[in-house]
Each structure stands twice: as C-alpha cells, then as structure tokens.
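A.B. asks: Sharing a structure with you now.
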Amino acid sequence: MCNLYSMTKNQDAIRALFDGIGDDAGNLPAMSGIYPDYAAPVVANMPQGRMLTKMRWGMPSPAFALKNRNADKGVTNIRNTASPHWRRWLGPDHRCVVPFTAFSEYQPKVGPKWFALNEDQPLAFFAGIWTQWTSVRKVKEGETTDNLFGFLTTEPNGVVTPIHPKAMPVILISPEAVNMWLTAPTEQALRLQRPLPDAMLTLVDGPI
C-alpha cells in the first residue's frame, strides 16, 4: 500500500487545471515526502464549492480496527469500495482528487521504490474521498475535528507488480477522468478504479 508520495508542483499548476476553483490552502511549498497523517493538498467537492485545500491523510478506521485502541491513526488506502464503511463517502459530495508527482511502494529487503508518469514527474492525481470527522488521532492531541482524506487502490499494473504485487493507487491523468471522478454518479465513477496502463508509469530515482 502507498504510504509515501510527493507533490512538488506549486499550487498555480493545480489551480490551472480547474475553472473557478476556490483556494484556502495557504502557501503550498514543495513536499518531497508526504506520510500518513500529514496535512496535504487536495481538490475536493465541499459545501462552498470545489476547493483546493489541505486535509490530513487518513480516513476514519472501521470500528473493528479500533478495538482496544485509544487513537485512530486513519486509513490511507481504500480498496474495498463495496464495504458499508466506505460506501457512505463514495458520492460526489465526498470525492476529491489528490495531486502528486511521484509515489512510493516499499520493496522488502530493498526499501522504497518510486514511480511517476515519466522522468519529469508531471502533475497527476489520485482518486480520493474525504470527510470531516471528530476523533483522537494522537493521544497527545486529544480529540480533534479534522477534514480527512484517503485514496482508492486497485490491482497493480505490470510496472508496480514486481515491487508491490498487492495494490497500486488509482491514478487519474486526464482532465476528463478527473472531472468524471469528481462529478459522475457513483457506479460510473468507480469504473475508474483500475490500474494505470503500464506504458503510462515508470520507475524513477526519487522525487524531484
């Protein structure tokens, strides 16, 4: 599962892909390493309209996963979209796209391997969902109310399989696919939960 990615393009590059988008993300520096529970940029359908904003990475965990735990670190990657836990957030009001330039999968005995669309690491998006949630993320913080996000995964393509044979993120690279994820009825949008073609992904040395 993907628990590390980078987003090194500036917010102007993100805003340029969306007409009339709001922006309350503040200053967005290049982020060469985004880990679970980090605040990271997303483009989300929110009550005030489509927004570029920051959210914490990690959706609320299912109740069974919290047994005997006093904090919820969150779920970063979502595969089983048929689960009632996730279905409540699959409608357009809770969908988002997560900008990235490269993502990492961990290879046992080797370490992290990085993937991008090409060596130049252009901007692309993960298909995500989000919600506002009150919980204890870290015991030292106590209870907080946060906007949280996670992104969908699917079976890996031929580039990712040798490194991580279980899953890869759902990646959107065309404006049409991004718009479809943000606006289409759920059944139609979930057709995008598929691996990226092999020719559209490559191994890279690391974030740039």
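A.B. asks: For the range 6-114, please list each of the strands (runs of 3 or more DSSP E) lying entirely inside it that holds at least 3 residues being under 17 Å from residue 129 (Cα atoms).
C.D. replies: Numbers: elements: 31-34, 39-46, 49-57, 95-100, 102-107.
Where strands (runs of 3 or more DSSP E) fall fully within the range 6-114 and carry at least 3 residues being under 17 Å from residue 129 (Cα atoms), they are 39-46, 49-57, 95-100.
A.B. asks: State which residue is nearest to residue 49 (Cα to Cα) when the search covers only the range 88-122 and only residues that are among the aliphatic types (A, V, I, L, M) and under 13 Å from the mean Cα position of the chain (by Cα). It would help to see each step written out before you state the result.
C.D. replies: At the first step, the residues of the range 88-122 found to be among the aliphatic types (A, V, I, L, M) are 90, 97-98, 102, 110, 116-117.
Within this subset, residues satisfying the condition of being under 13 Å from the mean Cα position of the chain (by Cα) are 97-98, 102.
Values: 97: 14, 98: 16, 102: 28 Å.
Among them, the one singled out is 97.
A.B. asks: Separate question: Somewhere in the range 170-190, is a residue under 22 Å from residue 42 (Cβ atoms), acidic (Asp, Glu) and surrounded by fewer than 18 Cβ atoms within 10 Å (Cβ to Cβ)?
C.D. replies: yes
A.B. asks: Of everything in the range 97-130, what is closer than 22 Å to residue 181 by Cα and surrounded by fewer than 17 Cβ atoms within 10 Å (Cβ to Cβ)? Give them in sequence order.
C.D. replies: Listed by number, the list holds a single entry, 122.
A.B. asks: Return a yes/no flag: does the range 150-160 have any residue that is of a type outside the set (D, E, K, R), buried (at least 18 other Cβ atoms within 10 Å of the Cβ), more than 29 Å from residue 13 (Cβ to Cβ) and modelled with pLDDT of 95 or more.
C.D. replies: The answer is no, given that none of the residues of the range 150-160 is of a type outside the set (D, E, K, R), buried (at least 18 other Cβ atoms within 10 Å of the Cβ), more than 29 Å from residue 13 (Cβ to Cβ) and modelled with pLDDT of 95 or more.
The values are calculated or read from the model by the stated rules, or taken from the named source; none is laboratory data. Fair warning: this is a prediction, and the values are worked out from it, not measured in the lab. Every residue, glycine among them, receives a Cβ derived from its backbone with ideal geometry; neighbour counts consider all protein chains shown.
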